[in-house]
Amino acid sequence: MNEDHLKASGIAKQVKQFARETGKIGLNFREYAELIENKIKELGGKPAFPVNLSENEIAAHYTPHLNEEKTITSEMVLKVDIGVDVNGWLVDYAITIDFTGENKELVDASLEALEKAVSLVKPGVEVGFIGGIIQETIESHGFKPIENLSGHAVEQNNLHAGIEFPNVKRENSHVLASGDVFAIEPFTSTGRGYITESDYADIYSLISDKPIRNPVSRKLLEVIKKDYEFTPFCSRWLGIEEYNIGLRELVRNGNLEAHNVLVEEKGSRISQFETTLIVTDSGSEVLV
Ligand code: CO
């Protein structure tokens, strides 16, 4: 592991503990996200994407906005998805905190699936085989894995580098090799095991710098190119409102990709644990 990745790993471990300790009923989502993001910066890294705080049937991609009103409540199974970036070297991970006190098995199923998956990682093993073990583990608890959400290969400055690490059995999938870096992230659901995109998005990635006529949008694009060339970002980071006209125009013009909030069936609950690891000659080195 190079020095930057080692540093990102160390920060990720500390921030994981910090996120557990600071998440409390009554805390505003924005305050919570900023506590975590500021901790990453204080330790010498930067957030690899806006902290995702996704409760209950929301699987992923919700980040608080400037005027956020949501607070943590005792009705929430909350996924906290965090990324640490040191010079483009990334560590992506997630924990679930059960504020209901009633969903221990749901939470444990994802953790157990992740631990089993990690224990099977070594060169020569197919990711689709390990996906099958994730699926079996989750189903043995009476829940469903989310079949259309996957872990992913991670490269420098590229969080989702193409190859998927499935949460269900797949044939003819990628064969792990020494040096591969993957994020593995089992999602366990009380619902149907399938997510859809909601209409709402407030996390964006820069995908093209093609020209845009409107001077306000053009100025916004310049800021994004400078600060977030490789890093997904949100309106809160830019200090603007979530439905900012410039942001919407940049999406329409094809400059930005919007990452819509992903949701399961209404009333369902989802847990998730995620880690990032490097495949070694004999197994793997877990970064967080
Ligand atoms: Co991930």
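The values are calculated or read from the model by the stated rules, or taken from the named source; none is laboratory data. In this text, all values refer to a predicted model and were calculated from it rather than measured experimentally. As a convention, Cβ positions derive from the backbone with ideal geometry for all residues, glycine included, and neighbour counts pool all protein chains shown. Areas reflect the complete protein model, heavy atoms only, side chains present, ligands, DNA and RNA absent. Shrake-Rupley method; radii C 1.70, N 1.55, O 1.52, S 1.80 Å.
Just to confirm the number: angle between the C-alpha axis of helix 104-120 and the first principal axis of the chain, 0 to 90 degrees, nearest 10?
In the chain, helix 104-120 runs at an angle near 80 degrees to the longest axis.
In whole percent, and with a 1.4 Å probe on the protein chains, what portion of the accessible area of region 68-120 is carbon and sulfur?
That share works out to 49 percent.
How far apart, in nanometres, would the label points at K116 and L27 be if each is projected 7 angstrom from Cα along the Cα-to-Cβ direction?
3.1 nm
For K46 and V216, FRET efficiency with R0 = 30 Å and r from the beta-carbon atoms, rounded to 0.05?
Once rounded, the FRET efficiency stands at 0.70.
May I ask for the distance between the Cα centers of region 44-91 and region 234-267, given as a whole number of Å?
So the two Cα centres are separated by 15 Å.
Between Y243 and D209, what is the label-point separation in nm under the 7 Å Cα-to-beta-carbon projection?
3.2 nm
Once phi is turned into θ = phi - 60°, what whole-Hz ³J(HN,Hα) does the Karplus curve with 6.51, -1.76 and 1.60 give for every residue of region 183-200, x standing for Gly and Pro?
9, 10, 8, x, 10, 10, 10, 7, x, 7, x, 8, 10, 10, 7, 7, 7, 9
When ligands, DNA and RNA are left out and all protein chains stay put, how many square angstrom of accessible area per residue does the chain have with a 1.4 Å probe?
44 Å²
DSSP loop (so not H, G, I, E, B), at most 11 other Cβ within 10 Å: list which trypsin sites (Lys or Arg not before Pro) in region 180-250 pass both filters.
Of the trypsin sites (Lys or Arg not before Pro), the ones in loops of region 180-250 whose Cβ has at most 11 other Cβ atoms within 10 Å are R213.
Given a 1.4 Å probe and every protein chain left where it sits, what share in percent of the accessible area of region 1-40 is carbon and sulfur?
Looking at region 1-40 in its full context, I get 48 percent from C and S.
In degrees between 0 and 90, to the nearest 10, how far off the longest principal axis of the chain does helix 3-22 point, with axes built from Cα atoms?
Helix 3-22 sits at roughly 90 degrees to that axis.
Would you list which lysines come within 24 Å of K39, measuring only between C-alpha atoms, while excluding same-chain residues fewer than 8 positions from it?
Partners found: K7, K13, K16, K24, K70, K79, K226.
Could you please report the charge total around G88, scoring K, R as +1 and D, E as -1 over all other residues with beta-carbon less than 11 angstrom from its beta-carbon?
-3
Report, by chain and number, residues whose modeled amide H sits under 5 Å from the one on N148, excluding near sequence neighbours (fewer than 5 apart, same chain).
HN-HN under 5 Å from N148: I195.
Carbon and sulfur together cover what percent of the accessible area of region 197-262 at a 1.4 Å probe radius?
Of the solvent-accessible surface of region 197-262, carbon and sulfur hold 51 percent.
What FRET efficiency comes out for the pair R252/E229, r = Cβ-Cβ distance, R0 = 25 Å, nearest 0.05?
0.75
Can you tell me the Rg and the Dmax, both Å, for the Cα atoms in region 2-82?
For region 2-82, the Cα radius of gyration and maximum Cα-Cα distance read 12.9, 42 Å.
What FRET efficiency comes out for the pair Y194/N260, r = Cβ-Cβ distance, R0 = 22 Å, nearest 0.05?
Efficiency computed from Cβ-Cβ geometry: 0.90.
Provide Rg and Dmax in Å for the chain, with only Cα atoms included in the calculation.
18.5, 56
Given the Cα atoms of region 197-262, and with Rh set as the inverse mean 1/r over their pairs in the Kirkwood sense, what is Rg to Rh to two decimals?
Checking Rg against Rh, the ratio lands at 0.92.
What 222 nm value per residue comes from the helices of the chain, counting each DSSP H run with n ≥ 4 as -39,500 (n - 2.57) and dividing by all residues, nearest 500 deg cm²/dmol?
-10000 deg cm²/dmol
Name the shape class, rounded, prolate or oblate, that the alpha-carbon gyration tensor gives for region 102-210, where a ≥ b ≥ c are the square roots of its eigenvalues, rounded holds for a/c under 1.5, and otherwise prolate holds if a/b is larger than b/c and oblate otherwise.
Since a/c reaches 1.5 but b/c is at least a/b, the shape of region 102-210 is classed as oblate.
Got a sec to turn the phi values of region 25-35 into Karplus ³J(HN,Hα) couplings, 6.51 cos²θ - 1.76 cosθ + 1.60 with θ = phi - 60°, whole Hz, x for Gly and Pro?
Karplus values, whole Hz, x for Gly and Pro: 4, x, 6, 5, 4, 5, 4, 5, 4, 6, 4.
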